[in-house]
Amino acid sequence: MNKANLLKEDTMRKNVKYRTVKIKIFPTPNQIENLNHMAKERTKLINELIEEMVEAKSRIYKTTKDIDTPLPSSMKNQAIREAYKYHDISQKRGYHLKPIVKKHICQWQGQTLKVYDDAISVTFLTADGWGRAQVIKANLNSRGDYIREQLRRLQAMLVTIKKINNKWIAMIVLKDNSTLEPLKVENIAGIDLGIKCPIVVKTSNGKIKFIGNGRYLAFRRRWFRSKRKELINQNKSYLVKKIANKEERWMREQDHQLSRELVNYLKENDVRLLKMEKLTGIRDIKTDKKNTLRLHQWSFYRLSQYIQYKCEDAGIQVELVNPKYTSQSCPKCKRKNKTNTRTYRCIQCGYVSHRDIIGATNVLSATTITK
Ligand SMILES: [Zn+2]
């Protein structure tokens with residue numbers, strides 16, 4: 001695919017208008033009691049409003065003052081909107097259907113939300129009947145700055161707090177009011193993950209960047225392996241487990257670092273669309289004679305997951321391409337060429353390039369997999 005086609009295809013992509021951010025929160029027992037109570041009151045209120053409107057066969061316009069339910073007003077407002085939504089569903093079916101809400105969740109209008117370093121706050125109703133901001137401990141990790149930045153730039157529309165699999169989660173729906181510029185050809189990059197060069201990035205203007213030190217990573221991995229062998233020989237199985245865990249943690253940290261470095265580079269270069277190979281994690285590798293290769297393969301999968309997750313956080317779109325385009329295929333004529341030197345030379349069409357950037361070049365020009 002040439003640059004002109006790439007440009008045409010990518011500028012036509014729609015810009016994302018809504019975005020959801022999930023945050024793990026840790027309410028105190030007292031706050032949990034309050035959340036559960038408010039959630040039930042909210043469900044009851046919505047069902048009452050639906051019933052009233054379905055019976056009247058019309059939307060009944062309400063303000064928070066019309067509602068006695070002990071809830072903060074931003075929750076009441078949200079509940080009214082929710083009831084309108086269900087009324088409209090019923091109306092479409094000639095009021096033969098009366099929807100009933102069963103799920104207990106807490107939902108506020110977005111403006112109630114504040115985000116701190118390790119906490120968020122939303123409004124609860126105190127015993128005296130007034131709304132008051134409640135600070136709930138939250139796990140924002142490295143995303144605190146990102147979320148605060150998003151809140152400055154985007155508008156929080158809706159905050160939902162609910163329990164999922166025994167964990168409390170706050171979901172924030174953000175709306176982008178600004179009209180983003182359409183993607184330009186310079187805003188696109190392709191990456192290739194490898195053993196020698198952990199990440200090779202190529203932007204569509206031809207700029208190349210190598211991220212990570214493959215030689216160092218291989219050295220550390222060999223060190224872990226020899227240490228493990230040594231301990232096995234000494235019959236110290238408890239230490240074998242310990243060193244294996246340590247290696248696992250170390251590898252995870254490496255993947256975090258590599259993906260962080262990549263996303264920073266993409267942001268610096270104003271990349272808004274990243275193309276990468278779709279990796280499944282369980283891949284049939286015929287050449288897998290040694291366990292080491294499988295280890296590498298699995299690590300690529302995790303790294304690619306981290307990259308996707310961090311890109312999403314940074315507002316960079318990710319598109320997955322078919323992994324059949326290997327670092328051996330010629331970007332020009334697709335012939336497979338083996339190379340033992342640093343220079344890649346296609347014996348069919350004469351294409352010449354640096355060996356390590358063939359993969360990224362192929363990914364950049366590959367067609368996206370439609371999900
Ligand atoms: Zn060729």
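The values are calculated or read from the model by the stated rules, or taken from the named source; none is laboratory data. Predicted model, so just to flag it, every value in this text is computed and none were measured. Every residue, glycine as well, gets a Cβ built from its backbone with ideal geometry; the counts of neighbours run over all protein chains shown.
Kindly provide the set of residues from region 56-115 that are closer than 30 Å to Ile147 by Cα and of a type in the set (Lys, Arg), ordered by number.
Scanning region 56-115 gives Lys76, Arg81, Lys85, Lys103, Lys114.
Any residue in region 192-205 that is of a type outside the set (Lys, Arg) and either more than 21 Å from Gln305 (Cα to Cα) or assigned to a helix (DSSP H, G or I) (or both)?
Checked region 192-205: at least one residue is of a type outside the set (Lys, Arg) and either more than 21 Å from Gln305 (Cα to Cα) or assigned to a helix (DSSP H, G or I) (or both).
Leu274: outside any loop (DSSP other than H, G, I, E, B) and at pLDDT below 75, yes or no?
Working: outside any loop (DSSP other than H, G, I, E, B): yes; at pLDDT below 75: no.
Here the answer is no, as Leu274 does not meet what is asked.
If I ask for residues that are touching a residue at least 24 places away in the same chain (Cβ under 8 Å), part of a strand (DSSP E or B) and among the hydrophobic types (A, V, I, L, M, F, W, C), which ones from region 96-133 would you list?
Cys106, Trp108, Val115, Ile120, Val122, Phe124, Leu125
State all residues of region 348-366 that are polar (S, T, N, Q) and more than 11 Å from the ligand (Cβ to nearest atom); if no residue qualifies, say none.
Thr361, Asn362, Ser365
Of the residues in region 307-317, how many are of a type in the set (A, V, I, L, M, F, W, C) and either near the ligand (Cβ under 8 Å from one of its atoms) or at positive phi (or both)?
Step one: filter region 307-317 for residues of a type in the set (A, V, I, L, M, F, W, C), giving 307, 311, 314, 316.
Imposing the further condition that a residue be either near the ligand (Cβ under 8 Å from one of its atoms) or at positive phi (or both) reduces the set to none.
Summing the residues that are of a type in the set (A, V, I, L, M, F, W, C) and either near the ligand (Cβ under 8 Å from one of its atoms) or at positive phi (or both) in region 307-317 gives 0.
Across region 46-73, what is the number of residues that are surrounded by 14 or more Cβ atoms within 10 Å (Cβ to Cβ) and among the hydroxyl-bearing types (Ser, Thr, Tyr)?
3
What about Gln150, is it touching a residue at least 60 places away in the same chain (Cβ under 8 Å) and farther than 21 Å from Leu45 by Cβ?
Numbers: touching a residue at least 60 places away in the same chain (Cβ under 8 Å): yes; farther than 21 Å from Leu45 by Cβ: yes.
Yes.
Looking at region 45-54, can you tell me whether even one residue there is part of a strand (DSSP E or B), more than 29 Å from the chain's Cα centre (by Cα) and more than 17 Å from Ile169 (Cα to Cα)?
no
Of a type in the set (Asp, Glu) and more than 20 Å from Ile50 (Cβ to Cβ): does that describe Asp118?
yes
Quick check on my filter: what residues within region 64-78 are free of Cβ contacts under 8 Å to residues at least 60 places away in the same chain, assigned to a helix (DSSP H, G or I) and within 33 Å of the chain's Cα centre (by Cα)?
Ser73, Ser74, Met75, Lys76, Asn77
Of the residues in region 318-332, how many are within 13 Å of the ligand (Cβ to nearest atom) and over 14 Å from Lys275 (Cβ atoms)?
4
So which residues in region 333-347 are within 10 Å of the ligand (Cβ to nearest atom) and either loosely packed, with under 13 Cβ neighbours inside 10 Å or at pLDDT below 90 (or both)?
Quick first cut of region 333-347, residues within 10 Å of the ligand (Cβ to nearest atom) only: 333-337, 344-347.
Listed by number, the residues that qualify are Cys333, Lys334, Arg335, Lys336, Asn337, Ile347.
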